[in-house]
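What follows is a short report on a single structure.
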Amino acid sequence: MEVKVTSENFESLKNGAQPFVVDFWATWCGPCRMVGPIISELAEKYDGKITVGKCDIEEDEDLAVEFGIRNIPTILFFKNGEVVDKLVGAQSKQKFEEKFEALL
């Protein structure tokens with residue numbers, strides 16, 4: 001299950017016991033709507049192993065600025081509180097799954 005990522009909960013999610021994946025997106029973004037269902041499916045598959053969140057850049061611009069998000073969708077992969085990988089733009093489900101597996 002995905003969690004809504006905000007400035008208020010970001011630090012606790014990033015520094016949680018599990019690896020953390022966050023999808024930076026916006027409602028008006030076509031590629032984001034293509035990637036969204038893939039991220040949701042992987043969130044279910046890796047439930048209990050990886051925390052997956054979505055951050056709407058329109059609602060929480062500060063996080064997008066903090067991480068230099070210039071293009072969406074941008075998916076950041078965190079392990080031990082640090083960014084360890086990043087994907088920008090629409091990608092295949094297989095590519096996302098490879099990145100999820102690499103976090104474990």
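Here are the numbers for this structure:
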quantity: Residue-normalised accessible area of the chain, expressed per residue, 1.4 Å probe, Å²; calculated: 54
quantity: Fraction of beta bridges assigned by DSSP in the chain that are antiparallel (%, nearest 5); calculated: 55
quantity: Shape category assigned to the range 56-104 from the gyration tensor of Cα positions, a/c cut at 1.5; calculated: oblate
quantity: All lysines inside 18 Å of Lys14 as judged from Cα atoms, apart from same-chain residues fewer than 8 positions distant; calculated: Lys4, Lys49, Lys54, Lys79, Lys86, Lys99
quantity: Long-range HN-HN contacts of Val5 with modeled amide H, under 5 Å; calculated: Lys54, Cys55, Asp56
quantity: The chain: calculated mean residue ellipticity at 222 nm from DSSP helix runs of at least 4, using -39500 (n - 2.57); calculated: -10500 deg cm²/dmol
quantity: Angstrom value of the Kirkwood radius, inverse mean 1/r, which spans all Cα pairs in the chain; calculated: 13.3
quantity: The range 4-12 - phi-based ³J(HN,Hα) in whole Hz, Karplus 6.51/-1.76/1.60, Gly and Pro as x; calculated: 7, 9, 10, 4, 6, 9, 4, 4, 5
quantity: Solvent-accessible area, 1.4 Å probe, carbon plus sulfur percent, for the range 43-104; calculated: 40
quantity: Relative contact order [Cα under 8 Å, 6+ residues apart], the chain, whole percent; calculated: 36
quantity: Spin-label proximity, Glu82 to the range 1-42 - amide N less than 11 Å from point 7 Å beyond Cα toward beta carbon; calculated: none
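The values are calculated or read from the model by the stated rules, or taken from the named source; none is laboratory data. Keep in mind that what you see is a predicted model, and the values were worked out from it rather than measured. Cβ atoms come from the backbone with ideal geometry, glycine included; neighbour counts cover every protein chain shown. Heavy atoms of the whole protein, side chains included, go into the accessibility calculation; ligands, DNA and RNA do not. Shrake-Rupley method; radii C 1.70, N 1.55, O 1.52, S 1.80 Å.
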